[in-house]
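Only the coordinates and a few stated rules stand behind these numbers; no lab work does. For clarity, every value in this text was computed on a predicted model and none was experimentally measured. As a convention, Cβ positions derive from the backbone with ideal geometry for all residues, glycine included, and neighbour counts pool all protein chains shown.
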Amino acid sequence: MFIVIKHNIPVAKLQLKQAEEAMKSATSRALHRMGLVVEAEAVKLVKVNSGHLRQSIHVGDIEFDHQMGVMRIAVIAESDYAVYVEFGFQGHFVPFNIAPSLYREALSRWGWRPPSPQETPKNAKPGRMWLVPRGRKHAVWGVKVSGKARPFLRPAIEFLENSGLRTQILQEEYSKALAQHAATVR
């Protein structure tokens with residue numbers, strides 16, 4: 001009997017180690033799936049002008065913090081202005097000559113048009129770019145941007161939590177891992 005117990009201890013330790021590895025792998029798969037859910041929701045929620053911000057959203061690598069004993073994954077928006085869209089900024093006036101892309105957007109998407117000579121102010125400074133907004137009679141040389149926050153990442157994370165998908169994904173991945181582990185132990 002003593003020999004059987006000694007013989008079973010390394011097997012049990014090995015089985016526990018294999019089970020631990022199976023659970024780590026399941027957690028990693030679950031985190032990646034949750035990241036994909038958040039990414040897809042963020043892509044749906046983000047307001048699109050050029051599409052650059054939407055295209056910059058992606059799931060990062062899984063990190064394991066050995067000190068804290070936690071795994072984490074990040075959903076990243078790599079666009080330079082993502083933080084300003086997510087959290088907002090102080091509103092301000094943007095002249096078209098400083099932001100020519102805004103000028104092109106006003107022409108192509110907002111229905112604005114170049115002014116006629118009569119619509120351009122007589123004291124217009126050289127170098128300024130002028131447009132007439134749809135439904136207006138006077139030209140403007142820029143726009144005021146509100147700076148209002150238009151969050152897309154935080155609501156995407158809230159969606160994962162509130163929809164029950166987080167729990168569902170974890171249950172599915174852990175159930176698969178435990179079933180696979182049980183099949184290898186038999």
| note | Here the net charge surrounding N49, from other residues whose Cβ is less than 14 Å away from its Cβ (Lys, Arg +1; Asp, Glu -1), is +3
| query | What is the dipole size for the range 1-141, taken about its Cα centre, with +1 at each Lys and Arg Cβ and -1 at each Asp and Glu Cβ, in debye to the nearest 20? | reply | 720 debye
| said: Positive end of the dipole of the chain, charges at C-beta (+1 Lys, Arg; -1 Asp, Glu), about the Cα centre: which of G88, Q180, P114 has its Cα farthest in that direction? | reply: P114
| task | Between F64 and A183, with labels modelled 7 Å along Cα→Cβ, what's the label distance in nm to one decimal, could you check? | result | 2.3 nm
| message | Suppose R0 equals 45 Å. What FRET efficiency, 1/(1 + (r/R0)^6) with r the Cβ-Cβ distance, do E105 and A40 give to the nearest 0.05? | response | 0.95
| field | Residues S50 and R134, FRET efficiency given R0 of 25 Å [Cβ-Cβ distance, rounded to 0.05] | value | 0.75
| note | One finds, for N123 and F93 with R0 = 25 angstrom and r their Cβ-Cβ distance, a FRET efficiency to the nearest 0.05 of 0.90
| query | Extension gain D80-S28, at 0.36 nm per residue separation less the Cα-Cα distance, in nm? | reply | 15.8 nm
| field | Value of Rg/Rh across the chain [Cα atoms, Kirkwood radius] | value | 1.31
| field | Cross-link partners of K176 among lysines (Cα-Cα below 29 Å; sequence separation of 8 or more within a chain) | value | K13, K17, K24
| remark: Highest GNM mean-square fluctuation among W110, W141, W130, for the chain with Cα springs under 10 Å, belongs to W110
| request: Divide by every residue of the chain the summed helix terms, -39500 (n - 2.57) for each DSSP H run of at least 4, and state the resulting mean residue ellipticity at 222 nm, rounded to the nearest 500 deg cm²/dmol. | output: -16500 deg cm²/dmol
| task | Just grab the label-to-label distance for Q171 and R154, each label 7 Å out from Cα along the Cβ direction, in nm (one decimal). | result | 3.0 nm
